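Report on one structure; see the data block that follows.
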Amino acid sequence: MQIKPYKRDSKTLYSCRIWYYKNKKKKSKYKESFEGKKKAEYWGAKEKKRLEGLQPGADKTTIKQFLERWIKTKEKKLSPTTLSGYKVNIKHINEYIGNALLYDLKLMDVQEMLDELTEEGLKLRTVKYVCRTLHAAMEYAIKNKDIERNPCKGTEITEDKEEFAVVVYSAEDLKKLILALREQENPLYPYVLLSSMRGLRRGECLGLRWSDIDFEKGIAHIVNNYVVVNKVAYHKKVKTKESERLIDMEGIIAKEFKAYKERMNRDKKIIQTYVCELPDGTLPDPSHISRGLKVFQKANDLPECRFHDLRHTFAVLQLENGTDLDTLKRMLGHSKIGITSDLYLHENVSLIKKASRRTDNIIDIHCDKIVTNLKNDSTGNL
């Protein structure tokens, strides 16, 4: 919007020019003879909303009011963990710009908020999630005709150089961990087996039922997930359609789980529903598993890692032993092969070295032939 004063008959009047988008084309409209600057601005704002078809009252809605309505539309569509994350992000947003008008929000306002969150010590990865949440909300606001453009587009967030380090176990260390858990009959044993030897997520381990396992066919159906959010437990389907998959239940893992089931049924004298049930028939809090693993690793002089790193260990060992990327994607339940490649091919030194050695071996063979030919060539010609 452009407001300009001008003189007419010794009187100061104002003109207003607005730009707006219609059918993806930029247009403008001009009007003059306003007797005050505020009147010119009022006409410009009202006319722009009318021409672009924005919702009535859009210019009076605050960020906080809009986000409260927006998150309600997501409650039945998002998983409990994702929804909880969105609400935490919205809390950060409201602390800084919640009282600002949605219609007036600018790129600079969003950038200043993100910079302040960073300066306060919030992890840069978390700052990115806050920005993504606001970006998604603003895209919805555009569809709802509350705003014209997304003010999050163009924001800059410094790359996080202090991301957590993934700890991948070697085959030897993994064997030590599994044997130690089994020998001590530690309750973590079934979780670690499922994650490190079949690539299950923590929630998938907890959600696995005995009825999901078919020992005769040697398979298990991964269809359930168990999470605890804000002390409320949720049994739900796995996170994506691709996460619903079959895993192999033959060989050593089948033998171990058959023995584990017999022992648990003998001790409890009842049939369990879930594979990883506690003696009282309940499932443990997922966070207790992660903490328990670190305590066990420390007590047994083993490398410490997050529980999810066991899934990473499974993936890396699979790749290093010849499993192709598409098969690994299916085994892990990833929705896109790009996720698998980004996670496990990026800077994998072992795989890079193996690939390089293949070329070295080819060159070595040719070099041998070249050296032999040189020795047999009395003229010295190449």
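Rounded, prolate or oblate: which fits segment 108-260, taking a ≥ b ≥ c as square roots of the Cα gyration tensor eigenvalues, rounded meaning a/c under 1.5, else prolate when a/b beats b/c?
Working: a/c = 3.33, a/b = 1.99, b/c = 1.67.
The shape class here is prolate.
Return the sequence-ordered ³J(HN,Hα) values of segment 307-320 in whole Hz as given by the Karplus equation 6.51 cos²θ - 1.76 cosθ + 1.60 applied to θ = phi - 60°, using x for Gly and Pro.
Each residue of segment 307-320 in turn: 4, 5, 5, 5, 5, 4, 4, 4, 5, 5, 5, 4, 5, 5 Hz.
What is the gain in length, in nm to one decimal, between Lys24 and Glu75 on full extension, counting 0.36 nm per residue of separation less the C-alpha to C-alpha distance? Please report the intermediate quantities before stating the final value.
Working: separation 51, 0.36 × 51 = 18.36 nm, distance 3.20 nm.
Net length gain for the segment: 15.2 nm.
Could you calculate the contour length gain from Asp280 to Asp109, that is, 0.36 nm times the residue separation minus the distance between their Cα atoms, to one decimal place in nm? Walk me through the numbers before you get to the answer.
Working: separation 171, 0.36 × 171 = 61.56 nm, distance 5.27 nm.
Separation in residues times 0.36 nm, less the Cα-Cα distance, equals 56.3 nm.
Would you kindly state how much longer the chain becomes between His308 and Tyr42 on full extension, computed as 0.36 nm times their sequence separation minus their alpha carbon distance, in nm to one decimal? If you can, show how the numbers build up before the last one.
Numbers: separation 266, 0.36 × 266 = 95.76 nm, distance 5.59 nm.
Extra length from His308 to Tyr42 when fully extended: 90.2 nm.
What are the ³J(HN,Hα) couplings of segment 61-70, residue after residue, when phi is run through the Karplus curve with 6.51, -1.76, 1.60 and θ = phi - 60°? Round to Hz, x for glycine and proline.
7, 7, 4, 4, 4, 5, 5, 4, 6, 5
Taking the Cβ-Cβ separation of Leu83 and Arg17 as r and a Förster radius of 45 Å, what is the calculated FRET efficiency to the nearest 0.05?
0.55
Fewest first, what order do Met1, Met138, Met108 take by the number of other Cβ atoms within 10 Å?
Values: Met1 14, Met138 23, Met108 11.
With the fewest neighbours first, Met1, Met138, Met108 line up as Met108, Met1, Met138.
Modelled label-to-label distance, Arg330 and Glu256, 7 Å Cα→beta-carbon offset: nm?
Label-label distance for Arg330 and Glu256, simple model: 2.4 nm.
Obtain the nm distance between the two label points defined at Thr273 and Asp248 by a simple spin-label model: each point lies 7 Å from its Cα along the Cα-to-C-beta direction.
Output for this residue pair reads 3.2 nm.
Pull out a ≥ b ≥ c, the square roots of the eigenvalues of the alpha-carbon gyration tensor of segment 47-180, then state rounded if a/c is under 1.5, prolate if not and a/b is larger than b/c, and oblate in the remaining case.
Numbers: a/c = 3.11, a/b = 2.15, b/c = 1.45.
Since a/c reaches 1.5 and a/b is larger than b/c, the shape of segment 47-180 is classed as prolate.
So how far apart, in nm, are the two label points at Glu172 and Ile157 if each is 7 Å from Cα heading toward Cβ?
4.0
Just want the ordering: Phe257, Phe215, from fewest to most Cβ atoms lying within 10 Å of their own Cβ.
Working: Phe257 20, Phe215 15.
Fewest to most other Cβ atoms nearby, the residues stand as Phe215, Phe257.
So for Ser15, Ser196, fewest C-beta neighbours within 10 Å to most, what's the order?
The most exposed by this proxy come first: Ser15, Ser196.
Cross-link list Lys22/Lys77; Lys217/Lys255; Lys76/Lys241; Lys25/Lys60; Lys145/Lys241: which exceed 21 angstrom alpha carbon to alpha carbon?
Violating the 21 Å Cα-Cα cut-off are Lys22/Lys77; Lys25/Lys60; Lys145/Lys241.
If you wrap segment 1-97's Cα atoms in a convex hull and average its projection over all directions, what's the area in nm²?
Working: hull surface 35.1 nm².
Averaged projected hull area, Cα only: 8.8 nm².
None of the figures in this text is laboratory data; all of them are computed from the coordinates on show. Quick caveat, the model's predicted, so the values are computed rather than measured. Methodologically, a virtual Cβ is constructed for each residue, glycine included, from the backbone with ideal geometry; neighbour enumeration extends over all protein chains shown.
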